[in-house]
Every structure is written in structure tokens, then in C-alpha cells.
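Taking it in order: structure first as C-alpha cells, then the write-up.
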Amino acid sequence: MLNHYHWRGTLEAVCIPIAAIFFSLVLFGIFCALAGADPLGVYASIYKAAFGSWFSFQNTLIRASPLMLTSLCTALPAQLGLMIIGNEGAFVIGGIGAVAVGLAISSAPPTVVQLAMAISGIVCGGLWIGAVGALRYYRAVNETISSLLLNYVAIALLNHLVSGPMRDPSSLNKPSTYPIPALDMLGSIPGTRVHYGLIYGLIACAITYFLMRRTTFGFAARTIGGNIRAARIAGLPVGKLTVAICFLAGSCAGLAGMVEVAAVQGRANESLNANYGYAGILVAFVARYNPLAASLVAVLLGGILASGGILQRLHSLPDATILVFQGLVFLVVLYSESLYGRFRVFQDQSTVRRPPSVPYVPRPTSL
Amino acid sequence: MTINNLSFFSDYLVSSLSLSVPLAFAAIGGLWSERSGVLNIALEGMILTGAFVSAAGVFLSGNVLLGIAAALIAGGLVGLLHAFLCVTLRVDQLVSGLAINLTAAGLTAFWARVVFATENAQLPGFTNVGIPMLKNIPLLGPLLFNQDPMVYFLFLLIPLSTYLIFHSSLGLSLRAVGEYPRAADTAGVSVILFRYASVILSGCLAALGGTYLTLVHIRFFTEGMSAGKGFIALAALIFGKWHPVWTFLACLLFGATEALQLRIQAFNLHIPYQLLTMLPYLVALFAMVGIAGKSTPPAALGIPYVKESRAQ
């Protein structure tokens, strides 16, 4: 049912972020000009490297698939009113878990190995962020800070495992685990160079969207996000739902880690820690925590990430330029948040103001 | 205890204090901001900004004081941005902090490649200024009376912050703004002004923490050198119950953990050093788990103040 009120609201939710991204492109152009590069040339290069040809678009899709999955790690808990930024940690842990299982049972048939790696990535990442959710609910530990601290723990664990217990002695300069046998690697979608991780990402986005918007589970979660006291009075199991959603969120990021090792890297090493987690936060935020929108934003941002190398080669801009662009997008989109409801085009006559949401309060500890 | 043991212990204390200084500056900065009701996840970005700007300033001008001044201004500007987003535009304060962290990481990495592209020279830093007589006291002397000027400033900052926040009318207004802005507003205290001022101050102090990293610890700027220190400072703030003295002690605890970690690495006790690097983060996490429920944030923390709204 597409009634009058809805389409204007949807139009607003689509137009404002898109306008914000364009505005950040303009700012980025100015920044590049200040740094001594030709802004129009930079735009052309980004477009060419991201969407210019089928070849480069496939590159973009390869970058987009982990982003889709890591963005869910922030987008799902956001429905509860929780801000989790442990994407990077869950990604790394999922990757380690996948490699460990993949190497342990490498004699099994490839399908079984791939399945086991995926499950291991999902479970490891899920437990990682599930713990953050449990700490939040049962011990009132701030989830943003704890999930970020856990990122550093995960990276330290990765460095330890690849240079000690899981190290392949032949990897000299860059300590790595033993490689996953080529047979067990995730293949490409027929007719393309894009691996099956993209399908995982799309399916995960679709499932979580359906789960959050069309099931009682999702409704319960959004109720908690809207008003936790009302949810508690209504008898919703707030604790179980919090842990379950955090587990789900972490499992998506863990699956992204599995995809990265089983389709791209082939082994776990420090390259696993390549900022997919932090970029995922940005994707979730630009998509306003909507899983379906996240899949589209991931493609857009994946394209921009894919152009990092070209900017360095053609315009002699440092590779950190892409980070600057990400930061600009983040700030401008954040600024645009304050513009909702300011334009009359998007307003309906009978606009109903939403009540202010009540912040997430953990279980009273005195109980 | 032999002389050797004593000097070892004294060294350990000195390095614990030194490692906790950047945390303490950032945490006291965060304390000012959060006491006024503005969440400051952006501490990480502010530390990084301060670290980079002071390094670049000293590198280009050769003058340490000029570098510090530049870092203070840059940190203040980052604070101003955070205040504008949170207080004036009233966007989500957590997200604003994250955006600032990401932007600071990008911009500092970018300009570091440009500014420090050619040489890799060590920066001039601070020399310790010993206080005659006092510095010769065993154990306490090197710890308290033979330090660089920034540590002395920190020693001054903590009682000053405690006095201002808890024993002055200014602090009373500040806490009122953070606890119940409507009442403060009714009493004629400008909520907006107080929040802007304290967030800007927190930017300056966090940047000072970053300055300490570049000018005393590493003597150079490396990308992402803040390495989660802003978040450890936030953990210290929670563990210290938003009180300057307890917060500083929490920072000392985390600094001591870091120092311990480095000592164990140096002693080659066959504990893999990669595992040890996670120690400071784990201790910060456990500290937050331990304090659970016993530490209450300012009541209006994270809630934007709207003058005419009737809800809280």
C-alpha cells in the first residue's frame, strides 16, 4: 500500500542521502584541488575505476560483498537502539575461525569444507558480538566502547595466531596461516569474476530486512528500540532479544570475514584487517540502518574503495585519500540528518510527529 | 629490597605514569564534555588530531611551543565541530563522534604522507625539568619531581578540575546542565554556551594528550597512533565515575598495564608479545564490567536539549 504520506517520506529518505553524497563529492573535489590534483580528473578516474566497465564493476562488486555483511553488524543492533562498532573485530574473528576449520577438515569434500567454514565464521563472529550484547544487558557495559576495545583484542589475537600457533613456516615476510586448498575456495559466479560472497551478502541483507520488518521477532526488536520500558511492560524478553540480535549482527560480520579469507585472501594474515569493518559502519549509517538500502550503499562505497589504487597511480594522491572521502561522506550525511522535515516538498499536511525515543536502559541491576 | 630492585620499581612507576598521561588528558577532557551532557566518543579523533598537528607544527617550525599551540587550536576546532553537530544540529552524539574519528583518521593519514613525505627525522621534544632537592627523594622523586612540563600541568589540572567542577558555582551550573538542563535553563544558565565551552575544552585537552604521544613518547607521528586510546580514556572515565581524581587513578591503572605489558616483552618471558598487546584493552573492558551499575553517568548525557520541547 503506497499511500500519500508514505511516498513523500520515502522520497525524502532517498533524496537527502543521495544529495548528501553528491555534496560530499563536491567537497572532496575541493579537497583534491587543495592537494594539487585536478578534481574533474579525479571524478573521472573514480567513475572509471568503479563503474566505467564491466571489468571494473566486477571489482566493485567484489569489494561490496564484505561491506554488505559488515554493515549489518551495525545496522541490526541499531534497531534496538544500540550502537555497535565492533565490526572489524567480528570480521577478523570470523576470518580466523573460518581458516581454522577449513584447514582442520581439508580432507572432506569441498562443499562440506565451505559450509563448515561459513558456519565457523558465523558462529565465531556471532559469539564475539553476542558477548557485547550480553555485557550490555546483564552488566550495563557501554556497547560502543566495549565493542571497539574488542576490535583491538581481535587484531592482537589474529597477529598472535598467524605468527605463532597457526603460522605457515614458509611465510617469511608476512606471517600467515597455511593456505586453504584451492579446491576448497569459494568459486566465482558463472560468467563473472565475482565470487559467491556477493550472493551471501545479498541474501543476508534480504533475510535481515524480512526478519526486521515482516516478523514478530523484528517487531519485538523495533519495539525495544522505540521504547524499552513499554517493551518490558509488554512482557518482551528484552535480554534474550538483545543477545540474539547482537549474535546475528556479529555472525554477519563473521561471515564477511569468512568470505574474505575463503574467496579473496586464501589465508589469514594481517591483510584481513583492511578497514572493511569501519567502512561497514559508514554503509550502515548512510543506509539509515535499513538492510536493503545497505546493499545498494555498499555497492556505491565499494566502487569508491576500488578506485583507491587509481587515485594513487594517476593523480599521485596518497591512498589515505579514500579515508578522507569516507570521513567527508560521514560528516555530510550526518549534517543532512538535521535536514529531515525541513523541506516542504517532502511534507504531508497531516504530518504526525514521532515521540522522542527513550534511550536503551539495561536491566535494573538492583533486581 | 636491593638497590637494583628499587630502581627497577621506580622505573616501572615512571613509565606507568608516562603512559597514562595521554589517557589522563583525554579522559579529563571527556569528563568536562560529559559532565555538560555531551557524549564524547570523538576523543580518539581529537587525540589523533592533536598528535598530528603538533608533530607537523614542530616539524615545520622547529618550535615545540608553537606545535603545542597549533595542536590546542586544532583540537578546539574539532571540539567546535562536535559541539555544532551535537548541540546546534542535535544529531546523534555517538554517530557524530564516530564521524569525527573516521575523518580525523583519514585527514591525518593523508597529510602525514604529504608533510612527512621526504624525511623521517625525529622531532625535538621535551626535556625533563627536575625540581632541586625534591627530585632526589627515592621512588617519589623521579616520579613526581623530575618530569616534563606537561606532566606538571596535568598534576595541576586534576585538582583544578575537581575544584572547578565540584566546588565552584561554575561547576554547579555545568553539572546542572549535564543533569537537568531544563532546570539550569530556567535558572538562567545558558545550556548551549556551557555545552559548547566544555566540548571545545575537551577537544583542547584531548589534543594535548595527543601532543604528549608525539612529543614525548614516540617523537614522531605514525598513522593511527592513537590506537584506541580515546576509548580507553572513556573506559577510565566510566571506571572513575566521572570524577577527575578517580578518573586519573583509572588512567594510571591502564597506563600501568601498558607499562607491564612492555616490561614483560622486554624480559622475554616466552609469553608471545602479540597476546600481551591486547592486555590494556582487556583490562579496560574488565574494569567496565567490574564497575557495572555502580557508576551513573550524568542524567542528560547524550540527550540533546531543545528549549521549547516539553519532554525531558
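Measuring max minus min along each principal axis, the C-alpha atoms of the protein assembly as shown give extents of 79, 68, 59 Å (largest first).
With a cut-off of 20 Å on the backbone N, the residues of region A:79-119 near the modelled label site 7 Å out from A:Arg229 along Cα-Cβ are A:80-82. Across peptide B:229-242, the average count of Cβ atoms from other chains found within 10 Å of a residue's Cβ is 2.
What is region A:55-155 by shape, rounded, prolate or oblate, if you read a ≥ b ≥ c off the alpha carbon gyration tensor as root eigenvalues and call it rounded for a/c under 1.5, prolate for a/b larger than b/c, and oblate otherwise? Cα axes put region A:55-155 in the oblate bin. Using a cutoff of 8 angstrom between alpha carbon atoms and counting only pairs six or more residues apart, the relative contact order for region A:190-343 works out to 19 percent.
Approximating the spin labels as points 7 Å out from Cα along Cα→Cβ, the A:Ser107-to-B:Phe166 distance works out to 6.6 nm.
Would you kindly calculate the translational diffusion coefficient of region B:222-272, applying Stokes-Einstein with the Kirkwood radius from alpha carbon pairs, for 4 °C and a viscosity of 1.567 mPa s, and quote it in µm² s⁻¹ without decimals? The calculation lands on 106 µm²/s. Maximal additional length on extending the B:Ser7-B:Val114 stretch stands at 34.2 nm, based on 0.36 nm per residue less the C-alpha distance.
With R₀ set to 51 Å, the beta-carbon distance separating B:Leu89 from B:Phe267 gives a calculated FRET efficiency near 0.50. Mean per-residue shielding of peptide A:318-326 is 6, counting Cβ atoms of other chains within 10 Å of each Cβ.
What the Cα convex hull of region B:64-221 gives, in volume per residue, is 146 Å³. At a threshold of 20 Å², the residues of region B:89-106 that become less accessible to a 1.4 Å probe in the full protein assembly than in their chain on its own are B:Leu89, B:Val91, B:Leu94, B:Val95, B:Leu98, B:Ala99, B:Leu102, B:Thr103, B:Gly106.
Helical content of chain A, expressed as a calculated mean residue ellipticity at 222 nm, amounts to -22500 deg cm²/dmol (DSSP H runs of 4 or more residues, -39,500 (n - 2.57) each, divided by residue number, nearest 500).
Run the accessible area of region A:1-145 with a 1.4 Å probe and give the carbon-and-sulfur part as a rounded percent. Intermediate results must be reported in sequence, preceding the final value.
On the way: 4250 of 5820 Å².
Roughly 73 percent, rounded to a whole number.
How many square angstrom of accessible surface are buried between A and B, both sides summed, with a 1.4 Å probe and rounding to 100? Before the final figure, lay out each step's value.
Values: alone 17610 and 14720 Å², together 28670 Å².
That pair hides around 3700 Å² of surface in total.
Peptides A:285-294, B:19-28, B:101-110 ranked from most to least packed give B:19-28, B:101-110, A:285-294, packing being the mean of other C-beta atoms within 10 angstrom over each peptide's residues. Here the contact order of chain A, divided by its residue count and restricted to Cα pairs under 8 Å and six or more residues apart, works out to 34 percent.
All other residues whose Cβ lies under 13 angstrom from that of B:Ala256 are scored, Lys and Arg at +1 and Asp and Glu at -1, for a net of -1. Estimated at 0.36 nm per residue, the fully extended path between A:Ile189 and A:Leu339 surpasses their Cα-Cα distance by 49.9 nm.
For B:Lys241, a cut-off of 20 angstrom between C-alpha atoms picks up these aspartates and glutamates, skipping any fewer than 8 places away in its own chain: A:Glu143, B:Glu34, B:Glu44, B:Glu179. The average projected area of region A:184-287, computed from the convex hull of its Cα atoms over all directions, is 8.5 nm². With no solvent and one equal point scatterer per Cα, compute the Debye intensity ratio I(q)/I(0) for region B:1-90 at 0.12, 0.25 Å⁻¹ and report its log10, rounded to two decimals. For region B:1-90, the Cα-only Debye profile gives -0.52, -1.17.
B:Thr222 to A:Leu172: FRET efficiency via 1/(1 + (r/R0)^6), r the Cβ-Cβ distance, R0 22 Å, to the nearest 0.05?
Working: r = 24 Å, r/R0 = 1.09.
For B:Thr222 and A:Leu172, the calculated efficiency is 0.40.
Mind jotting down a quarter of the surface of the convex hull over the alpha carbons of chain B, in square nanometres, one decimal?
Values: hull surface 71.9 nm².
With every direction weighted equally, the projected area is 18.0 nm².
Counts of other chain beta carbons within 10 angstrom of each beta carbon in peptide A:86-98 average 0. Please report the base-10 log of the normalised intensity I(q)/I(0) for region A:65-285, using a Debye sum with one equal scatterer per alpha carbon and no solvent, at each q in 0.11 (1/Å). Taken in order of the listed q values, log10 I(q)/I(0) reads -0.51. Averaged per residue, chain B has 41 square angstrom of accessible surface, using a 1.4 angstrom probe with ligands and nucleic acids left out. In chain B, the calculated helix contribution to ellipticity at 222 nm averages -22000 deg cm²/dmol per residue, counting -39,500 (n - 2.57) for every DSSP H run with n ≥ 4.
Give me the 1.4 Å probe accessible area per residue for region A:65-285, excluding ligands and nucleic acids, in Å². Display every interim value, and only then the final one.
On the way: 7610 Å² over 221 residues.
Result: 34 Å² of accessible area for each residue.
Over what distance in Å are the Cα centres of region B:189-268 and region B:12-78 separated? Between the Cα centres of region B:189-268 and region B:12-78 lies a distance of 8 Å.
The values are calculated or read from the model by the stated rules, or taken from the named source; none is laboratory data. Just so it is clear, the structure is predicted and the values come from calculations on it, not from any experiment. Glycine also receives a Cβ, built like all others from the backbone with ideal geometry; neighbour counts cover every protein chain displayed. Note: accessible area is taken over every heavy atom of the protein model, side chains too, but ligands, DNA and RNA are not part of it. Shrake-Rupley method; radii C 1.70, N 1.55, O 1.52, S 1.80 Å.
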